[in-house]
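Below is one structure; the comments refer to it alone.
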Amino acid sequence: MPAAGSGRRIGGKKQFMYLAGRPLFLWALRVLAGSPEVDGAVLVVPPGDEELAASLLGDVRVRVVAGGDSRQESVRLGLAAVPADTQWVVVHDAARPLLREKDLAAVCAAAREYGAATLAVAAKDTVKTACDGMVAQTLPRENLWLVQTPQVFRYDWLVAAHARHQGSTAYDDAALVEMDGHPVKLVSGSTDNIKVTTPEDLLVAGFLLGGRGMRIGFGYDVHRLEEGLPLVLGGVVIPWERGLRGHSDADVLIHAVMDALLGAMGEGDIGVLFPDTDPEYQGIASTDLLYRVGSLLARKGYKIRNIDATVVAEKPVLAPYIPRMRQGIARVLGIASGQVNVKATTTEGLGAYGREEGMAAYAVALLE
């Protein structure tokens, strides 16, 4: 699996970007490593990123090697790491995360019959060649195919082709084998097997994975009111005779927001990350904790689409402070205040909150 590109068109190394909670390269790699068609796998990554890639593999067992300056060079280096007695080799781009087991099986079967095979889809659109921005020729669509990966070859064919054609301008491994005069069988693939090249492709891939590009989290927190404590909500100190009791500053609103974000990421809750048995968090500002949650979110490759929160409190009147709460939460998380909504409600005198024994907050977060 070549995964050594710089990701110039997408703004970073796309192979390590997160897609639906998992590094991009790991989606197809898990299919390959778990397939009965495959006995072993080699992942080719940018030089210096070997440890990073290995740390992201989880329970997937593959060999990680450094790649070269071009895709062709990276595949050649990957082939060098394959056991010498290998008969067949599958080449699949890390940038195609939606590989399906049935398509892998089909292209492997065709390769065993013909010696070389590639997944491809028939062109649906009319294709034209151009010269200086003008149409030069319209190509017959019935003969046009859009080539994908995996591509499967006799190992000796592919190794020999790479040795003979180093530095060529071939766009894929099938082209190198074609240069040596070997036929390559086209196997009808899936239009879902897209190549992620732009940020828009990453979003489309998330939706094609079943909508899992979006993650929703729910948060809830409650704290008791006591005399003589400061009341902090959404990072805003509100003048009132009572405040909330807690190990930190007991900002019930931010606690609910953090739990919603952590829930969407599948990272437990604030009690797991910031246990109240740890003296480090005694009296700490909840905005500091929120910043740490935001940093974790960024490291895992998520972006916040929006946050919606509700504070349940009989008193005091919170409406005058809500704009500052929204702005403060947004500032800590590095998002626009329009992505944060805060509401306040009472229980009309009912229950513990109606008796002003405490306050609660609910929050929902949508992550991309």
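The values are calculated or read from the model by the stated rules, or taken from the named source; none is laboratory data. Not measured: the values here are computed from a predicted model. Please note: Cβ atoms are built from the backbone with ideal geometry, for glycine as well, and neighbour counts cover all protein chains shown.
Worth a mention:
- Qualifying residue in segment 86-101 (condition: small (Gly, Ala, Ser) and either in a helix (DSSP H, G or I) or in contact (Cβ under 8 Å) with a residue 24 or more places away in the chain (or both)): yes
- Any hit, segment 132-148, residues being in the same structural domain as Val42 (by TED's automatic domain parsing), closer than 19 Å to Ser74 by Cα and touching a Leu at 6+ places or on another chain (Cβ under 8 Å): yes
- Of all residues in segment 32-55, exactly one satisfies the criterion of being in contact with a Pro (Cβ under 8 Å, 6 or more places away or on another chain) and surrounded by fewer than 18 Cβ atoms within 10 Å (Cβ to Cβ), namely Gly40.
- Entirely in segment 125-195, the strands (runs of 3 or more DSSP E) that have 2 or more residues that are free of Cβ contacts under 8 Å to residues at least 40 places away in the same chain and over 25 Å from Lys102 (Cα atoms): 128-131, 134-138
- In segment 224-235, the residues that are surrounded by 20 or more Cβ atoms within 10 Å (Cβ to Cβ) and either more than 18 Å from Asn341 (Cβ to Cβ) or among the aliphatic types (A, V, I, L, M) (or both): Leu225, Leu231, Val232, Leu233
- For the residues His182, His162, the requirement of being surrounded by 15 or more Cβ atoms within 10 Å (Cβ to Cβ), over 33 Å from the mean Cα position of the chain (by Cα) and not small (Gly, Ala, Ser) singles out His182.
- Residue in segment 75-85 that is nearest to Val38 (Cα to Cα), counting only those that are of a type in the set (A, V, I, L, M) and not in a helix (DSSP H, G or I): Val82
- Some residue of segment 128-150 being surrounded by 10 or more Cβ atoms within 10 Å (Cβ to Cβ), under 28 Å from Glu37 (Cβ atoms), modelled with pLDDT of 95 or more and over 36 Å from the mean Cα position of the chain (by Cα): no
- Selection count, segment 124-167, where residues are in contact with a helix residue (DSSP H, G or I) (Cβ under 7 Å, 6 or more places away or on another chain) and among the small types (Gly, Ala, Ser): 1
Here is a yes/no grid of residues against (1) at pLDDT 95 or above; (2) out of contact with any helix residue (DSSP H, G or I) (no Cβ under 9 Å at 6 or more places or on another chain):
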residue: Val184; (1), (2): yes, no
residue: Val204; (1), (2): no, yes
residue: Arg212; (1), (2): no, no
residue: Arg215; (1), (2): no, no
residue: Phe218; (1), (2): yes, no
residue: Val222; (1), (2): yes, no
residue: Val236; (1), (2): yes, no
residue: Glu241; (1), (2): no, yes
residue: His247; (1), (2): no, no
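- Selection count where residues are within 15 Å of the chain's Cα centre (by Cα), among the charged types (D, E, K, R) and part of a loop (DSSP other than H, G, I, E, B), scope segment 1-55: 1
- Residues in segment 75-105 that are surrounded by fewer than 20 Cβ atoms within 10 Å (Cβ to Cβ) and of a type in the set (Gly, Ala, Ser): Ala80, Ala81, Ala84, Ala105.
- Selection within segment 293-313 - under 26 Å from Gly206 (Cα atoms) and either without any contact (Cβ under 8 Å) to a residue 40 or more places away in the chain or of a type in the set (Val, Ile, Thr) (or both): Val293, Ser295, Leu296, Ala298, Arg299, Ile304, Ile307
- Scanning segment 330-354 for residues that are in contact (Cβ under 8 Å) with a residue 40 or more places away in the chain and more than 24 Å from the chain's Cα centre (by Cα), we see that the one that is surrounded by the fewest Cβ atoms within 10 Å (Cβ to Cβ) is Gly354.
- Residue list for segment 220-248, restricted to those being assigned to a loop (DSSP other than H, G, I, E, B) and of a type in the set (D, E, K, R): Glu241, Arg245
- Among residues of segment 218-230 that are β-branched (Val, Ile, Thr), none has a beta-carbon under 8 Å from a residue that is surrounded by fewer than 18 Cβ atoms within 10 Å (Cβ to Cβ) and in a loop (DSSP other than H, G, I, E, B) at least six positions away or on a different chain.
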